[in-house]
1. Do you know which of the residues in the range 148-181 that are of a type in the set (Lys, Arg) and farther than 13 Å from Val126 by Cβ is surrounded by the fewest Cβ atoms within 10 Å (Cβ to Cβ)?
2. I'd like to know if the range 122-129 contains one or more residues that are in contact with a His (Cβ under 6 Å, 6 or more places away or on another chain) and either buried (at least 24 other Cβ atoms within 10 Å of the Cβ) or over 26 Å from Ser286 (Cβ atoms) (or both).
3. Between residues in the range 248-264 that are farther than 13 Å from Arg156 by Cβ and residues that are of a type outside the set (D, E, K, R) and surrounded by 12 or more Cβ atoms within 10 Å (Cβ to Cβ), which pairs lie under 8 Å by C-beta distance while being six or more apart or on different chains?
4. In the range 64-136, which strands (runs of 3 or more DSSP E) lie fully inside it and hold 1 or more residues that are over 16 Å from the mean Cα position of the chain (by Cα), among the β-branched types (Val, Ile, Thr) and under 27 Å from Leu185 (Cβ atoms)?
5. Taking the range 239-251 as the region of interest, how many residues are farther than 23 Å from Leu185 by Cα and either surrounded by 12 or more Cβ atoms within 10 Å (Cβ to Cβ) or not hydrophobic (A, V, I, L, M, F, W, C) (or both)?
6. Going by what's in this entry, would Val171 be described as closer than 30 Å to Leu263 by Cα, out of contact with any Pro (no Cβ under 9 Å at 6 or more places or on another chain) and hydrophobic (A, V, I, L, M, F, W, C)?
7. One residue is enough: does the range 33-42 have a residue meeting the conditions without any contact (Cβ under 8 Å) to a residue 40 or more places away in the chain, surrounded by fewer than 19 Cβ atoms within 10 Å (Cβ to Cβ), at negative phi and part of a loop (DSSP other than H, G, I, E, B)?
8. So, in the range 244-283, of the ones that are of a type in the set (S, T, N, Q) and part of a helix (DSSP H, G or I), which residue ends up farthest from Thr206 (Cα to Cα)?
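The values are calculated or read from the model by the stated rules, or taken from the named source; none is laboratory data. Computed from a prediction, not measured in an experiment: that's the story for all the values here. Virtual Cβ from ideal backbone geometry, glycine too; neighbours counted across all protein chains shown.
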Amino acid sequence: MNAILMDALKKGQCEDMHDYSITFACYNSVEYTKKCVDSLIQSETPMDRVIVVDNGSHDGTGDYLKTQSFGGVILNKSNLGCGIAWNQGALVQQADWTIIMNNDVLVSKRWAERLIEAAQTLNVKVISPSMVEGPLDYDFEDFSKKAEIRMGAVSRMGAKHAVCLAVHKTVWADIGYFTPKPRLLGYEDTIFFNELEKAKIQTAITGAVWLHHFGSITQDQMKKEKGLASFQALGHRKNYKILGLNWLERKMRRLKRKNAEALWRKSEMAGFNMTLHGIRQSGNFSWR
């Protein structure tokens, strides 16, 4: 834990760390869901805070979820999409903080509490952890301990990602929940992030918490079912119209994001020889 955060805790600036809920959606890929749940248990995550929503899986996911001691399990009869599933999960406990995460991730010790602590210290309402993506061909537990000490004071202000994000309850009140349209097929996070930007809600990625992300497992599963190649977009190609941005506005936003990512990478590599986003390739780390 970094010195700034310790100061905040001593001064009582952090609100109740314990009012949070965790939710993730499933659609098949039960083996990855099992890895995720095992990781949550091993990390000492309070499982009564975890709400799981299954979107009509047909590979035994529903039966597996019933065997676990979650705070709640919702079994949809069909695939209602990420937005509806995330909303269902978030509304069950309606905590001060709701952590929305993928079902193909591994987490570290006290990750949820530390993620919220980082958000409070940085004074942001939406925060994501740092992550490594790709195959699990390294010791994540050992890596995360060292990375969280080394990069604990590093943050990317204005950044976020949909693999995992903690959302404060005021955000729901300000911009609403995720767009509940099954046909969006994964575009819900882009729309949500667009609303965050329009409302000028502060976000960040923190180096104080790390997770491992195997990859877009659910998205790839859905692409296979629809006969799409892995490089093809799952959502409709005209979904961007929902954002209400013209071509130039979208281009300028992408350019701004890429420039910010380049500056973050340059600064982090110069100071730490690593960044807040790693990719595993051929047994090595590639830093983005």
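1. Only one residue tops the list, namely Arg150.
2. Within the range 122-129 (the criterion being in contact with a His (Cβ under 6 Å, 6 or more places away or on another chain) and either buried (at least 24 other Cβ atoms within 10 Å of the Cβ) or over 26 Å from Ser286 (Cβ atoms) (or both)), the answer is yes, since at least one residue qualifies.
3. Note: pairs meeting the criteria are Arg250/Tyr240; Arg250/Leu243; Arg253/Leu245.
4. Strands (runs of 3 or more DSSP E) meeting the threshold: 72-76.
5. Residues that pass the stated criteria total 1.
6. Answer is yes for this residue.
7. no
8. Asn259
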